[in-house]
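In what follows, a single structure is set out as structure tokens and then discussed.
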Amino acid sequence: MCSLMPIQAFYTSNFILPDTNGLYNESSQIPDDEVTLPTVDDLRGAARGLSRLQQLYKLDITNITKGYIIDQKYSSEMSAYNCYIMGKSLYESEEYLAASEWLMEALNKSEEMEKSLAKQENIINWCNDNVSNHSEDKDFNCGIGSAECGIFPYVSITEILELLGSALYYADRPELALLVNSRLLSIEPGNEIGLSNKKMFQPQANIVRRMRFITPGNEQNKKSEMQNLYEQVCNGEVEQNMEMKRNLNCHLTNKNLPYYILGPLKMEELNKDPPVAVYYDVIYNEEIKEIIETSKSGIERSEIGDIDEGTPDEVRISKNSWLGYDSPIMSRISQRLADITGLSMDMSEEMQVANYGIGGYYGTHYDFSENPDEENPKDGNRILTAMFYLNNVDLGGATAFPHLRLAVPPIKHSLVVWYNLHKSLEPDYRTAHAGCPVLKGSKWIGNVWFHTVGQELNRPCDLKPDGDISKPHKAMGLD
């Protein structure tokens with residue numbers, strides 16, 4: 001006789017990993033005091049990171065939930081519950097429009113699942129009929145199998161609609177919120193959340209309808225010019241034109257140093273004014289390994305500001321550590337930096353080693369201080385930035401210079417160098433830059449900042465002010 005299983009069990013059995021018990025047994029041996037579980041803040045941060053990637057790289061949310069990124073399959077499909085948790089986390093982070101998208105996807109998946117289960121129920125009913133007709137046939141099998149479990153984790157359509165209505169309302173979409181709420185009440189007329197929300201949504205929806213005749217068009221959620229430019233440079237929509245690239249060149253250089261005569265440096269100009277260049281193959285695998293391994297012991301959430309008074313901020317999602325130049329390897333790197341830049345390392349900062357995971361980024365910022373006399377009178381302003389790429393990144397993670405229409409991809413062993421100040425030591429606002437979000441993989445970089453004090457003979461300053469050329473770019477701001 002056929003042994004039947006519940007509908008939910010059939011749906012779930014296709015998604016259970018075969019080695020779940022082994023993984024559980026292995027993890028259960030870890031002492032409780034050595035286990036650090038993700039917090040609610042971790043979950044919300046991960047949700048914001050994924051949403052940020054989706055928006056900046058213009059990724060289709062349905063493709064993401066199916067495990068596809070830019071037409072390549074990278075992971076398994078997300079369930080309705082996964083999408084619901086994404087939407088809920090974004091809602092709790094007050095990112096209501098993004099939350100609405102994920103909750104809509106959760107709703108679509110939940111509806112698809114209900115249809116699948118309804119179809120499966122018809123099969124089971126048919127099977128039940130045939131079981132009764134073949135009760136004497138021991139070899140008859142309905143072909144479904146047996147199990148005791150149901151769908152887990154599970155979210156109902158009602159739960160999704162309750163949260164989706166609120167998300168749309170707080171995203172200034174009251175008419176859609178009212179529509180969603182109406183569907184909720186059609187499914188469950190006595191739903192307390194739905195009844196309460198109806199009283200709140202209806203007046204605002206009426207106001208929006210009236211305002212549409214007074215102020216046509218929608219200026220909500222308008223991004224700043226700088227934010228748009230940053231996103232376009234990161235996703236490749238905006239790049240340098242041929243006029244900007246015409247006078248750029250690649251060449252070998254020995255920097256007039258005997259050490260590099262037989263093994264010259266490979267240098268590529270990326271921008272003339274302000275000067276931005278990349279040097280290839282200037283840091284080696286054993287050096288990279290020591291830098292990363294040494295920094296891991298002291299790595300912590302990145303902060304905005306100087307070493308002593310920095311604070312965590314959403315503009316930068318990464319972890320970092322600081323390394324001095326006292327080890328043999330770091331001493332060699334220090335000398336190499338002095339050779340390449342022509343500047344003294346005496347007033348440079350320690351190397352900041354930063355790690356960006358998936359969704360990790362650094363918003364548009366300047367490396368210089370706009371008030372150096374107050375913030376760092378002893379060392380002066382940051383005149384030059386030297387940034388090592390310590391690994392290759394599968395997708396994303398470029399360094400973007402929005403004003404220059406330039407995105408520098410992370411290529412392992414390379415060093416990106418640019419001046420932050422004009423020759424007069426005035427801030428060059430054209431050097432505003434950002435770390436584009438990491439879409440796949442992880443990014444490791446090593447930053448070294450050189451200060452103006454002690455560089456008087458290495459890069460003599462110009463007594464004539466020359467900062468006017470970049471001041472118009474300041475007006476665009478950073479946000």
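The values are calculated or read from the model by the stated rules, or taken from the named source; none is laboratory data. Nothing here was measured: the structure is a model prediction, and the numbers come from that model. Positions of Cβ are backbone-derived with ideal geometry, glycine not excepted, and every protein chain shown enters the neighbour counts. These accessible areas exclude ligands, DNA and RNA; they are computed on the full protein's heavy atoms, side chains included. Shrake-Rupley method; radii C 1.70, N 1.55, O 1.52, S 1.80 Å.
Counting only lysines at least 8 places from Lys272 when in the same chain, those with an alpha carbon closer than 28 Å to its own are Lys245, Lys255, Lys412, Lys423, Lys443, Lys464, Lys471, Lys474. Sorted largest first by accessible area at a 1.4 angstrom probe radius, with every protein chain in place, the residues Tyr81, Tyr429 fall in the order Tyr81, Tyr429. Between the listed residues Ser51, Gly67, Ser79, the Cα displaced farthest toward the positive end of the dipole of region 36-81, a dipole computed from Cβ unit charges relative to the Cα centre, is found at Ser51.
In terms of the mean number of neighbouring beta-carbon atoms within 10 Å, the peptides 266-273, 468-475, 71-78, 33-40 order highest first as 266-273, 468-475, 71-78, 33-40.
Put simply, the C-alpha atoms of region 346-393 give a gyration tensor, and the ellipsoid matching it has half-axes of 26, 14, 8 Å, longest first. Taking the centroid of alpha carbons for each part, region 224-260 and region 319-362 are 22 Å apart.
With the cut-off at under 19 Å, measuring from each backbone N in region 333-371 to a point 7 Å along the Cα-to-Cβ line of Ile261 picks out 339-340. The equivalent ellipsoid of region 415-479 has semi-axes of 27, 19, 7 Å, largest first, where each one is the square root of 5 times an eigenvalue of the Cα gyration tensor.
In nm, what is the difference between 0.36 nm times the number of residues separating Lys412 and Leu179 and their Cα-Cα distance?
This chain segment gains 78.7 nm when fully extended.
Model label sites at Asp462 and Gln335, defined 7 Å from Cα along the beta-carbon direction, differ in position by 3.5 nm. Over all other residues within a Cβ to Cβ distance under 11 Å of Gly357, the charged ones net out to +3, with Lys and Arg as +1 and Asp and Glu as -1. Potential lengthening of the chain between Thr253 and Asp42 amounts to 71.3 nm, from the contour at 0.36 nm per residue minus the alpha-carbon distance. A straight chain from Tyr74 to Glu239 at 0.36 nm per residue would run longer than the Cα-Cα distance by 56.6 nm.
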